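Here is the structure we will look at, set down as C-alpha cells.
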Amino acid sequence: MAESKVRKTAATAVASKTPSPESHLALVRRARKINRVLAETYPYAHPELDFDNPFQLLVATVLSAQTTDLRVNQTTPALFAKYPGPEAMAAAAPEELEELIRPTGFFRNKAKSLIGLSIALRDEFGGEVPRTLEQMVTLPGVGRKTANVVLGNAYGVPGITVDTHFGRLARRFGWTTEEDPVAVEAAVAELFPKSEWTMLSHRVVFHGRRICHARKPACGVCPVAPLCPSYGEGETDPEKAAKLLKYELGGQPGQRLRPPADYPGTAAAPGALSQATESATGRVE
Ligand code: SF4
C-alpha cells in the first residue's frame, strides 16, 4: 500500500474508542472489516519462509522458533542442498546438521527435532509430510502453530497461525483477551469463516511486522486505526509514525531471499541481517 494512502487512512481515524460493551455481532463485523482493510493493504501477503515443498516448509518452520524468518531463509539453502528430503535428514550425523543450523539458535534441540521428524516421516508416513493436524502434531518438535503453517501453505488446509505477532494484534484489535495461543486460535476462529483463516494469518503477521510493532506501533499511519480500540498505544503523529514503518512500507528489504513475483518490496540479501528485521532482542518486529 502506498505510504500516502496509509497516511490518509490514519488521518481519518476517529477518536477510536470502541463502544463498550461490544456485542458479538458487532465484534464479528468489525473483525471482518479489519480483515478487509488488511487485505487491501497487503494484497501480496505470503509466508515469509522460502520453501519449495511441504518438507522444506516443515523444516523451515521448526527452525524459525526464536529467530527471524530471514535468518532461516539464509540458512536453509545449504541445509537443503545437503539434506534434500526426509531420507537424507533422518540419516544425518547430528553434529553436522547442528553446524549447518547453528545460526538459527537452539541448534541442538532443533537438530534433534529435525532428525526425529525425518525418521518419523520416513518410517511412518512413507516419506511424505502428513495432511492432517492430528498426524502432524505427532511429529517431534511439531506443535499446532507449525502444523497450521504447513497445512495452510503447503496443502491449502485452512488454519490460524498464532505466533507472537498474531497474538499481540488479536488482543490489540479487541478480538480476544486470551494470552494462550490455543485459546487465541479458538477465539479468532469464531469470528471468521474457515476459508479466510490462512490468509488472515499472513495479513495479521504482515501488519505486526510492518506497522503494529510490539514496542512502537505506528498508529499515525495505520489503515486499521478507525477500527482499532488500541489506537494511541503507539505514535499517532503521522510524520513520526511514518519513520517507524518497516520492510516494503519503510523502503527496506523483506525477509525472503526469493519473494513471490507480486511482492512490491525488494528481496533480502543472502548475507547480512538488516536492522529492519531484528530488534535488539533478536526477535522479529
Ligand atoms: S495499535 Fe495502532 S498500529 Fe496497531 S492496529 Fe491499532 S491503530 Fe494500528
### Query
If one takes the longest principal axis of the Cα atoms in the chain, at what angle in degrees, from 0 to 90 and to the nearest 10, does the Cα axis of helix 144-154 lie?
90
### Rounded to the nearest 20 debye, dipole of the chain from Cβ charges on Lys, Arg, Asp, Glu
960
## Note on the structure
In degrees rounded to 10, the 0-90 angle between helix 107-124 Cα long axis and the longest Cα principal axis of the chain is 70
### Query
Tally Lys/Arg at +1 and Asp/Glu at -1 over every other residue whose Cβ is under 12 Å from the Cβ of ILE101; what's the total?
+2
### Message
Lysine pairs in the chain with Cα distance under 19 Å, only those 8 or more apart or on different chains: how many are there?
### Response
18
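Rounded if a/c is under 1.5, else prolate if a/b is larger than b/c, else oblate: which is segment 54-154, with a ≥ b ≥ c the root eigenvalues of its Cα gyration tensor?
Working: a/c = 1.66, a/b = 1.22, b/c = 1.36.
Because a/c hits 1.5 or more and a/b fails to exceed b/c, segment 54-154 counts as oblate.
Based only on other Cβ atoms within 10 Å, what is the fewest-to-most ordering of HIS46, HIS165? Mind dumping the intermediate values first?
Details: HIS46 16, HIS165 22.
Neighbour counts put them in this order, fewest first: HIS46, HIS165.
To the nearest 500 deg cm²/dmol, what mean residue ellipticity at 222 nm is calculated for the chain from DSSP H runs of n ≥ 4 alone, each contributing -39,500 (n - 2.57), summed and divided by the residues? Don't skip to the answer; put the middle values down first.
Values: 14 runs with 138 residues, N = 285.
Helices in the chain give a 222 nm mean residue ellipticity of -14000 deg cm²/dmol.
Bear in mind that the values in this text are calculations on the coordinates, not laboratory data. Quick caveat: nothing in here was measured; it's all calculated off a predicted structure. So basically every Cβ, Gly included, is an ideal-geometry build from the backbone, and we count neighbours across all protein chains shown.
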